[in-house]
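Contents: one structure, followed by commentary.
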Amino acid sequence: MNGLLMLLISFVIFLAAYMLYGRWLAKKWGVDPKAPTPAHTMKDGVDYVPANKSVVFGHQFASIAGAGPINGPIIAAMFGWLPVLLWIIFGGIFFGAVQDFASMYASVKNKGKTIGYIIELYIGKTGKRLFLIFTWLFSILVVAAFADIVAVTFNGFAADNTQIVANASVATTSICFIIAALLLGALLQKLKLTGYISAAVAIGFLVVCIAIGLNFPLFMAKGFWLYFVFAYIFVASVMPVWMLLQPRDYLNAFLLVFMIVAAFAGVIIANPEMNLPAFTGFEVNNMPMFPILFVTVACGAVSGFHALVSSGTASKQVNNERDMLPISFGGMLLECILAVLALVAVGALAVNGKVPAGSPPTIFAQAIAGFLTSAGLPEQLIFTLITLAVSAFALTSLDSVARVGRLAFQELFTDADAAKGETSTITKVLGNRFVATFLTLFMAYLLAQRGYQNIWPLFGSANQLLAALALIACAVFLKSTKREGRMMYPPMLIMLCVTFTALGLTIYTLISKIGGDFAMASDGLQLIFAVLLLGLGVLVAASGIKKLSSR
């Protein structure tokens with residue numbers, strides 16, 4: 001199979017899906033361009049602020065992309081390129097894009113509130129509390145997986161202790177990138193820069209950061225960078241959003257454009273062949289294709305984390321209801337394009353029909369750099385820039401999800417005490433943002449010790465189960481408000497089957513390791529998480545399905 005042909009076919013299908021299915025959904029649900037959005041009716045200048053749809057799209061995509069659409073397809077390519085491609089296309093259109101659109105729509109119709117609020121309002125308070133616990137556990141898994149991925153991209157030494165210049169350059173550039181975001185945040189806050197001036201300043205910062213990184217690579221081992229990443233996340237998740245989170249999103253928007261355009265152009269120029277077989281079997285390395293394929297591709301097809309972003313921050317900035325379709329549905333389809341690009345990349349670098357060695361971000365960067373080298377561009381520069389973009393997205397996801405986990409943990413206790421009409425000492429302690437952040441990140445650090453390869457199946461299962469719960473919540477909302485919601489039922493039921501099976505297999509695998517290669521600090525924690533996630537998922541799903549089946 002030709003990589004360029006695969007990409008073009010996928011692009012045409014996604015474009016048709018947006019024009020036909022996306023618009024059909026908007027019509028069925030009753031998207032009303034004349035209805036005032038929460039960004040206007042609840043405008044506070046802090047969270048609820050109407051913004052241009054391109055600005056909100058940039059925030060949405062920078063938050064949801066991360067390393068997921070690159071990692072998942074590359075790891076899942078062991079089953080062959082055909083099942084991965086089919087799931088990216090089918091899952092992205094009928095599962096992921098529908099979930100993202102429905103989550104944002106339900107939020108906008110409910111004062112810009114989160115999925116947790118939707119569950120509380122339409123399913124019940126118990127369901128909301130269970131969902132908050134689930135969200136907290138899920139956030140820990142995301143932080144653990146993505147923190148390890150970032151540490152790997154910063155690692156300045158190979159297994160034989162030779163220096164990896166590109167990684168060291170990315171590390172230096174990323175540190176400068178954080179400093180630049182802080183400076184940009186201060187400038188935007190004090191000088192109120194807008195339009196072309198703010199864009200010019202942002203691009204100038206990016207150029208300076210890249211130049212410093214290329215000329216002053218910082219060689220440190222992965223262990224050091226893991227400590228650094230967690231220290232950074234802690235600080236970032238307790239800082240005001242205008243100081244770091246928002247300017248990072250803005251800077252990332254330019255890296256996003258560069259990476260997507262560079263990857264697309266690289267495939268067009270190189271016209272690579274897929275050196276992977278179309279299908280390798282229903283079981284590879286003792287892992288069955290069902291359900292492993294579906295929870296491994298994860299963000300490239302459907303991601304529950306998207307529902308938290310769509311209903312958490314983006315919905316509060318939507319200027320007009322008609323903007324929701326391109327921001328949510330369109331944003332997910334663009335992520336699917338990135339997933340297809342990752343699949344083409346791993347297929348081009350495959351050797352003897354096998355996935356090449358190395359971390360997925362490294363494989364992706366090597367492939368795109370190789371594609372563009374044929375056009376006369378310097379390979380080392382392109383490799384460094386692509387790796388930087390991937391690590392920057394992962395860091396942005398870490399910023400967002402650490403904050404989401406902390407807020408879920410705080411809300412869990414404050415909500416419980418509010419119901420009793422009191423504020424206990426334990427609530428004051430656990431509700432403190434520093435304590436909540438520390439507990440969240442400490443658990444994530446313990447899990448990260450086993451590496452993203454061991455965490456990814458559990459992360460994927462939790463992510464897809466979160467998607468199933470979000471689909472249930474949206475289905476209940478649509479039914480309760482007498483809107484068409486039948487398109488939610490097939491993806492909801494399929495994802496429940498996939499995730500419950502995957503979590504069951506994970507629990508069985510971890511239990512079978514007891515007495516052998518079983519690390520209590522990480523494997524024991526994974527086992528506890530898997531059991532809790534399965535139990536919580538069953539309870540929330542049962543509450544939602546009971547509500548759906550009632551008159």
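So, M492, is that one within 21 Å of the chain's Cα centre (by Cα) and within 23 Å of G300 (Cβ to Cβ) or not? Against the criterion (within 21 Å of the chain's Cα centre (by Cα) and within 23 Å of G300 (Cβ to Cβ)), M492 qualifies. Can you find a residue that is under 18 Å from L338 (Cα atoms), surrounded by 15 or more Cβ atoms within 10 Å (Cβ to Cβ), in contact (Cβ under 8 Å) with a residue 60 or more places away in the chain and within 26 Å of the chain's Cα centre (by Cα) anywhere in the stretch 24-34? Checked against the condition, which is being under 18 Å from L338 (Cα atoms), surrounded by 15 or more Cβ atoms within 10 Å (Cβ to Cβ), in contact (Cβ under 8 Å) with a residue 60 or more places away in the chain and within 26 Å of the chain's Cα centre (by Cα), the stretch 24-34 yields no hits at all.
Scanning the stretch 246-289 for residues that are surrounded by fewer than 21 Cβ atoms within 10 Å (Cβ to Cβ), among the β-branched types (V, I, T), part of a helix (DSSP H, G or I) and in contact (Cβ under 8 Å) with a residue 12 or more places away in the chain gives I260, I268, I269.
Among the listed residues G376, G370, which satisfies the condition of being of a type outside the set (D, E) and out of contact with any helix residue (DSSP H, G or I) (no Cβ under 9 Å at 6 or more places or on another chain)?
From the options G376, G370, the qualifying one is G376.
Kindly indicate whether any position in the stretch 301-312 is without any contact (Cβ under 8 Å) to a residue 60 or more places away in the chain, closer than 23 Å to P457 by Cα and either part of a helix (DSSP H, G or I) or among the aliphatic types (A, V, I, L, M) (or both). Checked the stretch 301-312: no residue is without any contact (Cβ under 8 Å) to a residue 60 or more places away in the chain, closer than 23 Å to P457 by Cα and either part of a helix (DSSP H, G or I) or among the aliphatic types (A, V, I, L, M) (or both).
Scanning the stretch 241-270 for residues that are out of contact with any helix residue (DSSP H, G or I) (no Cβ under 9 Å at 6 or more places or on another chain) and closer than 12 Å to A367 by Cα yields no hits at all. Against the list (1) surrounded by 24 or more Cβ atoms within 10 Å (Cβ to Cβ); (2) modelled with pLDDT of 90 or more; (3) among the aliphatic types (A, V, I, L, M); (4) more than 24 Å from P33 (Cβ to Cβ), the condition V108 fails is (4).
Yes or no: F364 buried (at least 20 other Cβ atoms within 10 Å of the Cβ), closer than 30 Å to N271 by Cβ, among the hydrophobic types (A, V, I, L, M, F, W, C) and modelled with pLDDT under 80? Against the criterion (buried (at least 20 other Cβ atoms within 10 Å of the Cβ), closer than 30 Å to N271 by Cβ, among the hydrophobic types (A, V, I, L, M, F, W, C) and modelled with pLDDT under 80), F364 does not qualify. Screening the candidates A468, A436, A462, A444 for the property of being touching a residue at least 12 places away in the same chain (Cβ under 8 Å) and either out of contact with any helix residue (DSSP H, G or I) (no Cβ under 6 Å at 6 or more places or on another chain) or closer than 9 Å to A144 by Cα (or both) yields one hit, A444. Looking at I368, I363, just one residue is under 26 Å from D148 (Cβ atoms) and either free of Cβ contacts under 8 Å to residues at least 12 places away in the same chain or in contact with a Gly (Cβ under 9 Å, 6 or more places away or on another chain) (or both), and that residue is I368. If the condition is being part of a helix (DSSP H, G or I), within 29 Å of Y122 (Cα to Cα) and of a type in the set (S, T, N, Q), then the stretch 472-524 contributes S480, T499, T501. Those helices (runs of 4 or more DSSP H) of the stretch 43-125 in which 2 or more residues are touching a residue at least 60 places away in the same chain (Cβ under 8 Å) and either touching a Phe, Trp or Tyr at 6+ places or on another chain (Cβ under 6 Å) or among the hydroxyl-bearing types (S, T, Y) (or both) occupy 53-65, 97-108, 115-122. Checking the stretch 100-123 against the condition returns a match, with at least one residue being over 20 Å from the mean Cα position of the chain (by Cα) and of a type in the set (D, E).
The values are calculated or read from the model by the stated rules, or taken from the named source; none is laboratory data. In this text, all values refer to a predicted model and were calculated from it rather than measured experimentally. For neighbour counting, all protein chains shown are included, and Cβ atoms are generated from backbone atoms with ideal geometry for every residue, glycine included.
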